[in-house]
1. I need the full set of residues from segment A:95-127 which are within 13 Å of another protein chain (Cβ to nearest Cβ) and in a helix (DSSP H, G or I), in order please.
2. Working only within segment A:322-354, note down all residues that are touching a Cys at 6+ places or on another chain (Cβ under 9 Å), of a type outside the set (D, E, K, R) and surrounded by 10 or more Cβ atoms within 10 Å (Cβ to Cβ).
3. Scanning segment B:37-79 for residues that are among the aromatic types (Phe, Trp, Tyr) and modelled with pLDDT under 80, which turns out least open to solvent (accessible area, probe 1.4 Å)?
4. Of the conditions (1) surrounded by 18 or more Cβ atoms within 10 Å (Cβ to Cβ); (2) more than 14 Å from every other protein chain (Cβ to nearest Cβ), residue A:269 satisfies every one except a single condition; which number is it?
5. Can you tell me which residue within segment A:124-138, out of those that are touching a strand residue (DSSP E or B) at 6+ places or on another chain (Cβ under 9 Å) and buried (at least 19 other Cβ atoms within 10 Å of the Cβ), is nearest to residue A:191 (Cα to Cα)?
6. Can you confirm whether residue A:245 is open to solvent by less than 10 Å² (accessible area, probe 1.4 Å) and free of Cβ contacts under 8 Å to residues at least 24 places away in the same chain?
7. Please go through segment A:212-242 and pick out each residue that is touching a Lys or Arg at 6+ places or on another chain (Cβ under 9 Å), within 12 Å of chain B (Cβ to nearest Cβ) and open to solvent by 20 Å² or more (accessible area, probe 1.4 Å).
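The values are calculated or read from the model by the stated rules, or taken from the named source; none is laboratory data. Quick caveat, the model's predicted, so the values are computed rather than measured. FYI the Cβ positions are ideal-geometry reconstructions off the backbone, even for glycines, and counts take in every protein chain you see. To get the accessible areas, we keep the full protein, side chains included, count just its heavy atoms, and leave off ligands, DNA and RNA. Shrake-Rupley method; radii C 1.70, N 1.55, O 1.52, S 1.80 Å.
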Amino acid sequence: MALQDLLNLKSDVDKIGLSEERVRACIPVARQYVAFWREYPDLFVDFLVSKNNPENFHLFYYQRVFLRAAMRYKYTYAVFPRAYSKSFLAALILIIRCILYPGAKLFVTSGGKEQASSILKAKVQELCHLIPALHEEIDWRRGKTMEGKDYVRYVFKNGSVLDNIAARETSRGQRRHGGLMEECVGIDGLILNEVIIPTMNVSRRGAWGDKDDNEVLNKSQIYVTTAGWKNTFAYDKLIQILVWEIIKPDRAMILGGTWRIPVLMGLLDKTFIRDLKMDGTFNESSFDREYESRWSGTIEDAFFNAEQFDHNRVLKQPEYEFSGRSTKNAYYVIAVDVGRKGCDSVACILKVTP
Amino acid sequence: MMAAFDIVTPAHEDYLKLICKTSLKCHQLVDLGDIEGFQKMSKVYDTLMKSAKFTAAQNKAESGEYVSAIDEFILMCEREGFIPRYYVDEPKDKPDETLADLRNYTHRLVTEEMNLGNLIESAARTMAREEAKEEDEETTEIEDLDLHELEEEVLTDNDFLSHYEFVEDEKDEDEAMIRELLGEEDE
(Lines give C-alpha, C1' and ligand atoms only; values in the text may rest on other atoms or scores of the structure.)
Protein backbone atom coordinates (compact mmCIF):
# COMPACT_ATOMS: atom_id res chain seq x y z
CA MET A 1 0.00 0.00 0.00
CA ALA A 2 1.57 3.25 -1.09
CA LEU A 3 1.65 6.26 1.24
CA GLN A 4 -0.30 8.32 -1.24
CA ASP A 5 -2.97 5.62 -1.39
CA LEU A 6 -3.33 5.75 2.36
CA LEU A 7 -3.59 9.51 2.33
CA ASN A 8 -6.30 9.30 -0.29
CA LEU A 9 -8.16 6.59 1.62
CA LYS A 10 -11.83 7.42 2.09
CA SER A 11 -11.46 10.58 0.06
CA ASP A 12 -15.19 10.49 -0.59
CA VAL A 13 -15.99 10.69 3.13
CA ASP A 14 -17.32 14.10 4.21
CA LYS A 15 -15.56 15.87 7.03
CA ILE A 16 -17.50 15.36 10.21
CA GLY A 17 -16.44 18.42 12.13
CA LEU A 18 -14.97 21.84 11.61
CA SER A 19 -12.12 22.63 13.91
CA GLU A 20 -11.16 26.20 14.67
CA GLU A 21 -7.95 25.77 12.66
CA ARG A 22 -9.81 24.61 9.58
CA VAL A 23 -12.36 27.39 9.88
CA ARG A 24 -9.77 30.09 10.39
CA ALA A 25 -7.75 28.82 7.46
CA CYS A 26 -10.77 29.38 5.22
CA ILE A 27 -11.48 32.95 6.32
CA PRO A 28 -9.44 34.85 3.66
CA VAL A 29 -11.20 33.02 0.84
CA ALA A 30 -14.56 33.09 2.61
CA ARG A 31 -14.40 36.88 2.91
CA GLN A 32 -14.23 37.08 -0.87
CA TYR A 33 -17.18 34.71 -1.10
CA VAL A 34 -19.21 36.86 1.31
CA ALA A 35 -18.52 39.98 -0.77
CA PHE A 36 -19.50 38.06 -3.91
CA TRP A 37 -22.69 36.62 -2.41
CA ARG A 38 -23.80 40.06 -1.28
CA GLU A 39 -23.98 40.98 -4.96
CA TYR A 40 -25.12 37.56 -6.21
CA PRO A 41 -27.67 36.33 -3.66
CA ASP A 42 -29.15 33.85 -6.16
CA LEU A 43 -25.80 32.05 -6.32
CA PHE A 44 -25.73 31.99 -2.52
CA VAL A 45 -29.10 30.22 -2.64
CA ASP A 46 -27.66 27.79 -5.18
CA PHE A 47 -24.80 27.16 -2.77
CA LEU A 48 -27.21 26.55 0.13
CA VAL A 49 -29.19 23.93 -1.81
CA SER A 50 -26.16 22.34 -3.44
CA LYS A 51 -25.79 19.62 -0.76
CA ASN A 52 -29.30 19.27 0.61
CA ASN A 53 -32.23 19.97 -1.69
CA PRO A 54 -35.08 17.59 -0.82
CA GLU A 55 -37.70 19.67 -2.64
CA ASN A 56 -35.52 20.12 -5.73
CA PHE A 57 -35.80 23.88 -5.27
CA HIS A 58 -34.39 26.14 -7.95
CA LEU A 59 -34.80 29.81 -8.74
CA PHE A 60 -36.46 30.98 -11.91
CA TYR A 61 -34.62 33.36 -14.18
CA TYR A 62 -36.80 36.36 -13.33
CA GLN A 63 -36.38 35.59 -9.62
CA ARG A 64 -32.62 35.83 -9.99
CA VAL A 65 -33.00 39.27 -11.56
CA PHE A 66 -35.27 40.38 -8.73
CA LEU A 67 -32.96 39.05 -6.00
CA ARG A 68 -29.92 40.79 -7.45
CA ALA A 69 -31.77 44.08 -7.87
CA ALA A 70 -33.08 43.99 -4.31
CA MET A 71 -29.65 43.18 -2.87
CA ARG A 72 -27.65 45.70 -4.88
CA TYR A 73 -29.78 48.79 -4.45
CA LYS A 74 -30.74 50.68 -1.32
CA TYR A 75 -34.19 51.49 -2.64
CA THR A 76 -36.14 48.93 -4.60
CA TYR A 77 -39.75 49.25 -5.64
CA ALA A 78 -41.42 46.20 -7.14
CA VAL A 79 -44.93 46.21 -8.58
CA PHE A 80 -45.97 42.69 -9.42
CA PRO A 81 -49.25 40.82 -9.81
CA ARG A 82 -50.60 37.98 -7.71
CA ALA A 83 -48.62 34.73 -7.67
CA TYR A 84 -45.43 36.46 -8.78
CA SER A 85 -43.75 35.16 -5.58
CA LYS A 86 -42.91 38.75 -4.65
CA SER A 87 -43.43 38.28 -0.89
CA PHE A 88 -41.51 35.03 -1.04
CA LEU A 89 -38.57 36.73 -2.76
CA ALA A 90 -38.68 39.76 -0.49
CA ALA A 91 -38.61 37.54 2.61
CA LEU A 92 -35.75 35.56 1.08
CA ILE A 93 -33.81 38.78 0.54
CA LEU A 94 -34.25 39.78 4.18
CA ILE A 95 -33.07 36.37 5.38
CA ILE A 96 -30.05 36.45 3.08
CA ARG A 97 -29.21 39.94 4.32
CA CYS A 98 -29.48 38.74 7.91
CA ILE A 99 -27.03 35.94 7.11
CA LEU A 100 -24.56 37.97 5.07
CA TYR A 101 -24.60 41.07 7.27
CA PRO A 102 -24.02 39.98 10.90
CA GLY A 103 -25.89 42.04 13.45
CA ALA A 104 -28.40 43.39 10.93
CA LYS A 105 -31.80 44.37 12.28
CA LEU A 106 -34.43 44.18 9.59
CA PHE A 107 -38.19 44.50 9.66
CA VAL A 108 -41.32 43.82 7.68
CA THR A 109 -44.23 46.20 7.89
CA SER A 110 -47.60 46.25 6.26
CA GLY A 111 -50.99 47.91 6.48
CA GLY A 112 -51.91 45.78 9.49
CA LYS A 113 -49.52 44.38 12.08
CA GLU A 114 -51.12 40.96 11.96
CA GLN A 115 -50.82 40.94 8.16
CA ALA A 116 -47.04 41.54 8.31
CA SER A 117 -46.50 38.88 10.98
CA SER A 118 -48.60 36.28 9.19
CA ILE A 119 -46.86 36.94 5.85
CA LEU A 120 -43.38 36.80 7.41
CA LYS A 121 -44.15 33.67 9.43
CA ALA A 122 -45.61 31.85 6.43
CA LYS A 123 -42.74 32.80 4.15
CA VAL A 124 -39.97 31.92 6.63
CA GLN A 125 -41.55 28.51 7.24
CA GLU A 126 -41.89 27.91 3.51
CA LEU A 127 -38.30 28.97 2.86
CA CYS A 128 -36.92 26.79 5.67
CA HIS A 129 -38.81 23.88 4.19
CA LEU A 130 -37.56 24.49 0.66
CA ILE A 131 -34.01 25.42 1.67
CA PRO A 132 -33.18 23.33 4.78
CA ALA A 133 -29.86 25.16 5.25
CA LEU A 134 -31.78 28.33 6.17
CA HIS A 135 -33.33 26.52 9.12
CA GLU A 136 -29.84 26.00 10.54
CA GLU A 137 -29.07 29.72 10.39
CA ILE A 138 -31.83 30.70 12.81
CA ASP A 139 -31.50 30.35 16.57
CA TRP A 140 -34.73 28.52 17.42
CA ARG A 141 -34.09 28.44 21.16
CA ARG A 142 -36.76 29.74 23.49
CA GLY A 143 -36.25 33.42 24.27
CA LYS A 144 -34.59 34.04 20.93
CA THR A 145 -36.91 33.29 18.03
CA MET A 146 -40.61 33.72 18.66
CA GLU A 147 -43.63 33.27 16.45
CA GLY A 148 -46.77 34.91 17.82
CA LYS A 149 -50.01 36.02 16.23
CA ASP A 150 -49.22 39.72 16.03
CA TYR A 151 -45.47 39.60 16.35
CA VAL A 152 -42.77 37.31 14.98
CA ARG A 153 -39.04 37.60 15.57
CA TYR A 154 -36.30 35.48 14.06
CA VAL A 155 -32.90 35.71 15.72
CA PHE A 156 -29.97 34.48 13.68
CA LYS A 157 -26.90 32.80 15.11
CA ASN A 158 -24.75 35.79 14.09
CA GLY A 159 -26.92 38.22 16.04
CA SER A 160 -29.06 39.45 13.16
CA VAL A 161 -32.76 39.94 13.87
CA LEU A 162 -35.72 39.89 11.51
CA ASP A 163 -39.14 40.89 12.84
CA ASN A 164 -42.29 42.76 11.98
CA ILE A 165 -43.24 46.22 13.18
CA ALA A 166 -46.62 47.88 13.12
CA ALA A 167 -47.24 50.88 10.91
CA ARG A 168 -48.50 52.80 13.93
CA GLU A 169 -47.40 55.53 16.32
CA THR A 170 -46.49 52.86 18.87
CA SER A 171 -43.51 51.85 16.71
CA ARG A 172 -41.90 55.26 17.19
CA GLY A 173 -38.41 55.13 18.67
CA GLN A 174 -37.47 51.63 17.57
CA ARG A 175 -34.20 50.98 15.74
CA ARG A 176 -33.69 48.95 12.57
CA HIS A 177 -31.22 49.04 9.67
CA GLY A 178 -33.50 48.23 6.77
CA GLY A 179 -36.90 46.89 5.95
CA LEU A 180 -39.56 45.60 3.68
CA MET A 181 -42.77 47.52 3.05
CA GLU A 182 -45.04 44.65 2.17
CA GLU A 183 -48.19 45.52 0.19
CA CYS A 184 -47.26 49.18 0.59
CA VAL A 185 -50.51 50.34 -1.04
CA GLY A 186 -52.09 49.72 2.34
CA ILE A 187 -49.55 51.63 4.41
CA ASP A 188 -50.31 55.10 5.73
CA GLY A 189 -47.76 57.41 4.08
CA LEU A 190 -47.63 59.77 7.04
CA ILE A 191 -46.86 56.97 9.50
CA LEU A 192 -44.26 55.52 7.14
CA ASN A 193 -42.45 58.84 6.79
CA GLU A 194 -42.72 59.94 10.40
CA VAL A 195 -42.43 56.65 12.29
CA ILE A 196 -41.14 53.76 10.19
CA ILE A 197 -38.39 55.34 8.06
CA PRO A 198 -36.81 57.18 11.04
CA THR A 199 -36.28 53.79 12.73
CA MET A 200 -33.47 53.33 10.18
CA ASN A 201 -31.52 56.42 11.21
CA VAL A 202 -28.62 54.47 12.69
CA SER A 203 -26.27 52.40 10.52
CA ARG A 204 -25.25 48.83 11.30
CA ARG A 205 -22.15 48.43 13.40
CA GLY A 206 -20.10 45.78 11.65
CA ALA A 207 -18.35 42.97 13.47
CA TRP A 208 -15.04 44.75 12.78
CA GLY A 209 -16.23 47.43 15.20
CA ASP A 210 -17.14 50.31 12.93
CA LYS A 211 -19.91 51.53 10.64
CA ASP A 212 -20.06 51.95 6.91
CA ASP A 213 -22.80 54.40 6.01
CA ASN A 214 -22.46 53.52 2.34
CA GLU A 215 -23.34 49.89 2.98
CA VAL A 216 -26.36 48.90 0.90
CA LEU A 217 -28.06 47.39 3.93
CA ASN A 218 -28.24 50.66 5.87
CA LYS A 219 -31.57 52.43 5.44
CA SER A 220 -32.45 49.94 2.71
CA GLN A 221 -36.09 49.99 1.73
CA ILE A 222 -37.83 47.37 -0.34
CA TYR A 223 -41.33 48.26 -1.44
CA VAL A 224 -43.38 45.37 -2.73
CA THR A 225 -46.97 45.65 -3.84
CA THR A 226 -49.65 45.00 -6.38
CA ALA A 227 -50.70 48.14 -8.24
CA GLY A 228 -53.17 50.45 -6.55
CA TRP A 229 -54.50 53.91 -7.18
CA LYS A 230 -52.80 57.00 -8.47
CA ASN A 231 -52.65 60.02 -6.19
CA THR A 232 -51.87 57.76 -3.26
CA PHE A 233 -48.73 57.63 -1.16
CA ALA A 234 -47.69 54.31 -2.70
CA TYR A 235 -47.84 55.74 -6.23
CA ASP A 236 -46.01 58.91 -5.25
CA LYS A 237 -43.28 56.76 -3.70
CA LEU A 238 -43.01 54.76 -6.90
CA ILE A 239 -42.50 57.94 -8.91
CA GLN A 240 -40.03 59.20 -6.32
CA ILE A 241 -37.92 56.06 -6.64
CA LEU A 242 -38.15 56.27 -10.43
CA VAL A 243 -36.70 59.76 -10.18
CA TRP A 244 -33.96 58.47 -7.88
CA GLU A 245 -33.22 55.69 -10.33
CA ILE A 246 -32.40 58.38 -12.85
CA ILE A 247 -30.46 60.75 -10.66
CA LYS A 248 -28.91 58.12 -8.32
CA PRO A 249 -28.52 55.13 -10.63
CA ASP A 250 -26.42 53.15 -8.17
CA ARG A 251 -28.93 53.42 -5.34
CA ALA A 252 -32.45 52.92 -6.61
CA MET A 253 -34.33 50.61 -8.95
CA ILE A 254 -37.93 49.96 -9.84
CA LEU A 255 -39.21 46.68 -11.20
CA GLY A 256 -42.55 45.65 -12.60
CA GLY A 257 -44.28 42.75 -14.22
CA THR A 258 -47.60 41.30 -15.32
CA TRP A 259 -49.42 37.96 -15.01
CA ARG A 260 -47.61 36.65 -18.09
CA ILE A 261 -44.39 35.76 -16.25
CA PRO A 262 -45.99 33.62 -13.49
CA VAL A 263 -48.14 31.93 -16.13
CA LEU A 264 -45.03 31.23 -18.19
CA MET A 265 -43.26 29.78 -15.15
CA GLY A 266 -46.25 27.67 -14.14
CA LEU A 267 -46.91 29.59 -10.93
CA LEU A 268 -50.30 30.76 -12.15
CA ASP A 269 -52.86 28.84 -14.13
CA LYS A 270 -53.72 30.42 -17.47
CA THR A 271 -57.31 29.16 -17.27
CA PHE A 272 -57.65 31.02 -13.98
CA ILE A 273 -56.72 34.26 -15.74
CA ARG A 274 -59.13 33.49 -18.56
CA ASP A 275 -61.92 32.81 -16.08
CA LEU A 276 -61.21 36.07 -14.31
CA LYS A 277 -61.45 37.98 -17.56
CA MET A 278 -64.75 36.28 -18.31
CA ASP A 279 -66.10 36.88 -14.82
CA GLY A 280 -68.71 39.62 -15.01
CA THR A 281 -68.19 40.63 -11.40
CA PHE A 282 -64.46 41.27 -11.86
CA ASN A 283 -64.23 44.58 -13.62
CA GLU A 284 -61.51 45.58 -16.06
CA SER A 285 -60.00 48.16 -13.75
CA SER A 286 -59.54 45.59 -10.98
CA PHE A 287 -57.94 43.17 -13.40
CA ASP A 288 -55.56 45.88 -14.61
CA ARG A 289 -54.49 46.62 -11.05
CA GLU A 290 -54.23 43.07 -9.78
CA TYR A 291 -52.75 41.30 -12.80
CA GLU A 292 -51.45 43.92 -15.24
CA SER A 293 -49.77 46.05 -12.54
CA ARG A 294 -51.45 49.17 -13.90
CA TRP A 295 -52.15 51.94 -11.47
CA SER A 296 -55.69 53.14 -11.88
CA GLY A 297 -57.92 55.83 -10.54
CA THR A 298 -57.82 59.55 -10.62
CA ILE A 299 -55.70 61.41 -13.10
CA GLU A 300 -52.38 62.81 -11.97
CA ASP A 301 -53.46 66.43 -11.95
CA ALA A 302 -56.73 65.78 -10.17
CA PHE A 303 -57.88 68.62 -7.97
CA PHE A 304 -58.30 66.36 -4.95
CA ASN A 305 -55.90 63.84 -3.52
CA ALA A 306 -58.19 60.86 -2.90
CA GLU A 307 -56.12 59.51 -0.02
CA GLN A 308 -55.95 62.90 1.67
CA PHE A 309 -59.65 63.35 1.11
CA ASP A 310 -60.43 60.00 2.73
CA HIS A 311 -58.06 60.77 5.56
CA ASN A 312 -60.01 63.90 6.43
CA ARG A 313 -63.43 62.30 6.19
CA VAL A 314 -63.33 61.18 9.79
CA LEU A 315 -64.22 64.03 12.12
CA LYS A 316 -62.52 63.87 15.46
CA GLN A 317 -65.18 66.03 17.11
CA PRO A 318 -68.40 65.63 15.15
CA GLU A 319 -71.30 68.01 15.83
CA TYR A 320 -74.72 66.44 16.03
CA GLU A 321 -76.41 69.79 16.66
CA PHE A 322 -75.42 73.45 16.80
CA SER A 323 -72.50 73.38 19.16
CA GLY A 324 -71.64 77.01 19.53
CA ARG A 325 -67.99 76.10 19.48
CA SER A 326 -67.18 78.44 16.59
CA THR A 327 -67.12 82.18 16.15
CA LYS A 328 -70.33 84.17 15.98
CA ASN A 329 -69.95 84.55 12.22
CA ALA A 330 -69.84 80.79 11.62
CA TYR A 331 -72.77 79.29 9.79
CA TYR A 332 -73.91 75.98 8.35
CA VAL A 333 -74.77 75.08 4.77
CA ILE A 334 -77.02 72.09 4.38
CA ALA A 335 -77.50 70.40 1.01
CA VAL A 336 -80.00 67.60 0.61
CA ASP A 337 -80.41 65.21 -2.25
CA VAL A 338 -83.89 63.76 -1.72
CA GLY A 339 -84.22 60.18 -2.76
CA ARG A 340 -87.56 59.02 -4.14
CA LYS A 341 -89.15 55.63 -4.51
CA GLY A 342 -86.99 53.80 -1.98
CA CYS A 343 -83.69 55.55 -2.83
CA ASP A 344 -81.49 56.99 -0.11
CA SER A 345 -81.58 60.65 0.73
CA VAL A 346 -78.19 62.23 1.32
CA ALA A 347 -77.54 65.33 3.35
CA CYS A 348 -74.24 67.21 3.30
CA ILE A 349 -73.68 69.57 6.19
CA LEU A 350 -70.85 72.03 5.80
CA LYS A 351 -69.69 74.28 8.55
CA VAL A 352 -68.23 77.54 7.37
CA THR A 353 -66.04 79.51 9.72
CA PRO A 354 -65.12 82.82 8.00
CA MET B 1 -7.68 10.83 6.05
CA MET B 2 -7.40 14.26 4.44
CA ALA B 3 -11.14 14.27 3.89
CA ALA B 4 -12.17 12.79 7.21
CA PHE B 5 -10.10 14.98 9.53
CA ASP B 6 -8.91 18.54 9.83
CA ILE B 7 -5.45 18.62 8.28
CA VAL B 8 -4.58 22.28 8.52
CA THR B 9 -1.19 22.94 10.12
CA PRO B 10 2.22 21.46 9.10
CA ALA B 11 2.23 19.63 12.45
CA HIS B 12 -1.00 17.90 11.44
CA GLU B 13 0.53 16.85 8.12
CA ASP B 14 3.64 15.53 9.89
CA TYR B 15 1.50 13.56 12.31
CA LEU B 16 -0.45 12.14 9.39
CA LYS B 17 2.70 10.99 7.58
CA LEU B 18 3.94 9.25 10.77
CA ILE B 19 0.57 7.61 11.24
CA CYS B 20 0.59 6.39 7.65
CA LYS B 21 4.08 4.96 7.99
CA THR B 22 3.14 3.29 11.30
CA SER B 23 0.07 1.83 9.67
CA LEU B 24 2.20 0.41 6.83
CA LYS B 25 4.56 -1.09 9.41
CA CYS B 26 1.61 -2.66 11.22
CA HIS B 27 0.48 -4.31 7.98
CA GLN B 28 4.01 -5.59 7.30
CA LEU B 29 4.37 -7.00 10.85
CA VAL B 30 1.02 -8.79 10.58
CA ASP B 31 2.07 -10.24 7.23
CA LEU B 32 5.35 -11.47 8.79
CA GLY B 33 3.50 -12.99 11.73
CA ASP B 34 5.35 -10.83 14.27
CA ILE B 35 2.45 -10.40 16.67
CA GLU B 36 4.56 -8.89 19.47
CA GLY B 37 6.00 -6.29 17.10
CA PHE B 38 2.53 -5.58 15.77
CA GLN B 39 1.16 -4.99 19.28
CA LYS B 40 3.91 -2.47 20.01
CA MET B 41 3.45 -0.75 16.67
CA SER B 42 -0.33 -0.56 17.09
CA LYS B 43 0.17 1.14 20.47
CA VAL B 44 2.37 3.71 18.75
CA TYR B 45 -0.30 4.11 16.09
CA ASP B 46 -3.00 4.74 18.73
CA THR B 47 -0.81 7.21 20.59
CA LEU B 48 -0.12 9.15 17.42
CA MET B 49 -3.79 9.23 16.51
CA LYS B 50 -4.71 10.53 19.96
CA SER B 51 -1.94 13.11 19.98
CA ALA B 52 -3.00 14.43 16.61
CA LYS B 53 -6.68 14.36 17.68
CA PHE B 54 -7.52 12.09 14.76
CA THR B 55 -9.76 9.80 16.74
CA ALA B 56 -13.37 9.29 15.81
CA ALA B 57 -14.53 10.18 19.32
CA GLN B 58 -12.72 13.51 19.27
CA ASN B 59 -13.95 14.23 15.81
CA LYS B 60 -17.52 13.59 16.89
CA ALA B 61 -17.09 15.73 19.99
CA GLU B 62 -15.84 18.60 17.88
CA SER B 63 -18.44 18.27 15.17
CA GLY B 64 -20.56 21.40 14.86
CA GLU B 65 -19.31 22.87 18.10
CA TYR B 66 -17.05 25.57 16.77
CA VAL B 67 -19.25 26.77 13.92
CA SER B 68 -22.72 25.38 13.37
CA ALA B 69 -24.03 27.76 10.73
CA ILE B 70 -22.85 29.87 7.82
CA ASP B 71 -23.97 33.10 9.48
CA GLU B 72 -21.69 32.37 12.45
CA PHE B 73 -18.84 31.79 10.05
CA ILE B 74 -19.60 35.06 8.26
CA LEU B 75 -19.53 36.80 11.62
CA MET B 76 -15.99 35.43 12.08
CA CYS B 77 -15.06 36.66 8.61
CA GLU B 78 -16.29 40.15 9.36
CA ARG B 79 -14.46 40.26 12.69
CA GLU B 80 -11.27 40.08 10.66
CA GLY B 81 -12.08 43.46 9.17
CA PHE B 82 -14.36 45.38 6.86
CA ILE B 83 -15.41 43.33 3.82
CA PRO B 84 -15.21 45.59 0.74
CA ARG B 85 -18.01 45.49 -1.74
CA TYR B 86 -17.60 43.12 -4.65
CA TYR B 87 -17.32 45.38 -7.64
CA VAL B 88 -19.51 44.36 -10.55
CA ASP B 89 -17.94 46.49 -13.27
CA GLU B 90 -19.72 44.78 -16.14
CA PRO B 91 -22.49 42.19 -16.57
CA LYS B 92 -21.15 38.72 -15.91
CA ASP B 93 -24.10 36.56 -16.90
CA LYS B 94 -27.62 36.72 -18.34
CA PRO B 95 -29.42 38.03 -15.23
CA ASP B 96 -26.75 40.75 -14.96
CA GLU B 97 -27.26 41.62 -18.60
CA THR B 98 -31.03 41.77 -18.08
CA LEU B 99 -30.67 44.00 -15.06
CA ALA B 100 -28.28 46.33 -16.83
CA ASP B 101 -30.50 46.44 -19.89
CA LEU B 102 -33.58 47.34 -17.85
CA ARG B 103 -31.70 50.10 -16.07
CA ASN B 104 -30.16 51.51 -19.21
CA TYR B 105 -33.49 51.51 -21.02
CA THR B 106 -35.27 53.45 -18.27
CA HIS B 107 -32.34 55.81 -17.85
CA ARG B 108 -32.02 56.51 -21.57
CA LEU B 109 -35.75 56.97 -21.98
CA VAL B 110 -35.97 59.58 -19.28
CA THR B 111 -32.66 61.39 -19.70
CA GLU B 112 -32.06 61.41 -23.43
CA GLU B 113 -35.57 62.41 -24.30
CA MET B 114 -35.35 66.02 -23.25
CA ASN B 115 -38.58 67.59 -22.01
CA LEU B 116 -40.30 64.24 -21.78
CA GLY B 117 -43.18 65.83 -19.90
CA ASN B 118 -43.58 68.51 -22.55
CA LEU B 119 -43.42 65.87 -25.27
CA ILE B 120 -46.20 63.89 -23.63
CA GLU B 121 -48.25 67.03 -23.11
CA SER B 122 -47.70 68.14 -26.68
CA ALA B 123 -48.61 64.66 -27.95
CA ALA B 124 -51.77 64.77 -25.85
CA ARG B 125 -52.59 68.24 -27.21
CA THR B 126 -51.98 67.07 -30.80
CA MET B 127 -54.25 64.09 -30.24
CA ALA B 128 -56.97 66.31 -28.79
CA ARG B 129 -56.55 68.73 -31.72
CA GLU B 130 -56.76 65.88 -34.23
CA GLU B 131 -59.87 64.54 -32.58
CA ALA B 132 -61.47 67.99 -32.59
CA LYS B 133 -60.49 68.40 -36.23
CA GLU B 134 -62.01 65.06 -37.14
CA GLU B 135 -65.21 66.01 -35.35
CA ASP B 136 -65.28 69.33 -37.23
CA GLU B 137 -64.77 67.57 -40.56
CA GLU B 138 -67.59 65.15 -39.81
CA THR B 139 -69.87 68.03 -38.88
CA THR B 140 -68.92 69.92 -42.07
CA GLU B 141 -69.58 66.86 -44.19
CA ILE B 142 -73.02 66.46 -42.66
CA GLU B 143 -73.78 70.13 -43.16
CA ASP B 144 -72.61 70.00 -46.81
CA LEU B 145 -74.68 66.92 -47.42
CA ASP B 146 -77.80 68.50 -45.93
CA LEU B 147 -77.47 71.64 -48.01
CA HIS B 148 -76.97 69.61 -51.16
CA GLU B 149 -79.97 67.48 -50.36
CA LEU B 150 -81.96 70.56 -49.53
CA GLU B 151 -81.08 72.10 -52.87
CA GLU B 152 -82.24 68.97 -54.58
CA GLU B 153 -85.45 68.79 -52.60
CA VAL B 154 -86.66 72.37 -52.97
CA LEU B 155 -90.40 72.20 -53.80
CA THR B 156 -91.81 74.15 -56.71
CA ASP B 157 -95.39 75.24 -57.49
CA ASN B 158 -95.71 72.34 -59.92
CA ASP B 159 -94.90 69.94 -57.12
CA PHE B 160 -97.66 71.38 -54.98
CA LEU B 161 -100.04 71.31 -57.96
CA SER B 162 -99.28 67.71 -58.77
CA HIS B 163 -99.64 66.80 -55.10
CA TYR B 164 -103.08 68.38 -54.87
CA GLU B 165 -104.09 66.71 -58.13
CA PHE B 166 -102.90 63.40 -56.70
CA VAL B 167 -104.96 64.00 -53.54
CA GLU B 168 -108.03 64.91 -55.65
CA ASP B 169 -107.61 61.79 -57.79
CA GLU B 170 -107.31 59.65 -54.72
CA LYS B 171 -110.44 61.25 -53.32
CA ASP B 172 -112.37 60.58 -56.55
CA GLU B 173 -111.19 57.00 -56.67
CA ASP B 174 -112.23 56.43 -53.06
CA GLU B 175 -115.67 57.86 -53.65
CA ALA B 176 -116.12 55.72 -56.78
CA MET B 177 -115.13 52.64 -54.89
CA ILE B 178 -117.56 53.44 -52.05
CA ARG B 179 -120.34 54.00 -54.56
CA GLU B 180 -119.64 50.71 -56.20
CA LEU B 181 -119.69 48.93 -52.89
CA LEU B 182 -122.93 50.60 -51.78
CA GLY B 183 -124.55 49.87 -55.20
CA GLU B 184 -123.69 46.22 -54.88
CA GLU B 185 -125.13 46.17 -51.35
CA ASP B 186 -128.31 48.01 -52.53
CA GLU B 187 -128.77 45.48 -55.23
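1. Across segment A:95-127, the qualifying residues are A:95, A:96, A:97, A:98, A:99, A:100.
2. Step one: of segment A:322-354, the residues touching a Cys at 6+ places or on another chain (Cβ under 9 Å) are A:333-337.
From what's left, of a type outside the set (D, E, K, R): A:333-336.
Matches in segment A:322-354: A:336 only.
3. Going through segment B:37-79, the residues among the aromatic types (Phe, Trp, Tyr) turn out to be B:38, B:45, B:54, B:66, B:73.
Next, from what is left, pick out any that are modelled with pLDDT under 80: B:54, B:66.
Numbers: B:54: 3, B:66: 76 Å².
Out of the qualifying residues, it is B:54.
4. (1)
5. If we filter segment A:124-138 for residues that are touching a strand residue (DSSP E or B) at 6+ places or on another chain (Cβ under 9 Å), which is where we start, we get A:124-125, A:128, A:137-138.
Checking which are buried (at least 19 other Cβ atoms within 10 Å of the Cβ) leaves us with A:124, A:137-138.
Details: A:124: 26, A:137: 33, A:138: 30 Å.
In this case the residue turns out to be A:124.
6. Numbers: open to solvent by less than 10 Å² (accessible area, probe 1.4 Å): yes; free of Cβ contacts under 8 Å to residues at least 24 places away in the same chain: yes.
Criteria met by residue A:245.
7. Matches in segment A:212-242: A:212, A:214.
The rows are residues; the columns are (1) buried (at least 18 other Cβ atoms within 10 Å of the Cβ); (2) under 30 Å from residue A:232 (Cα atoms); (3) out of contact with any Phe, Trp or Tyr (no Cβ under 9 Å at 6 or more places or on another chain).
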| position | (1), (2), (3) |
| --- | --- |
| A:32 | no, no, no |
| A:47 | no, no, no |
| A:77 | yes, yes, no |
| A:82 | no, yes, no |
| A:92 | yes, yes, yes |
| A:112 | no, yes, yes |
| A:120 | yes, yes, no |
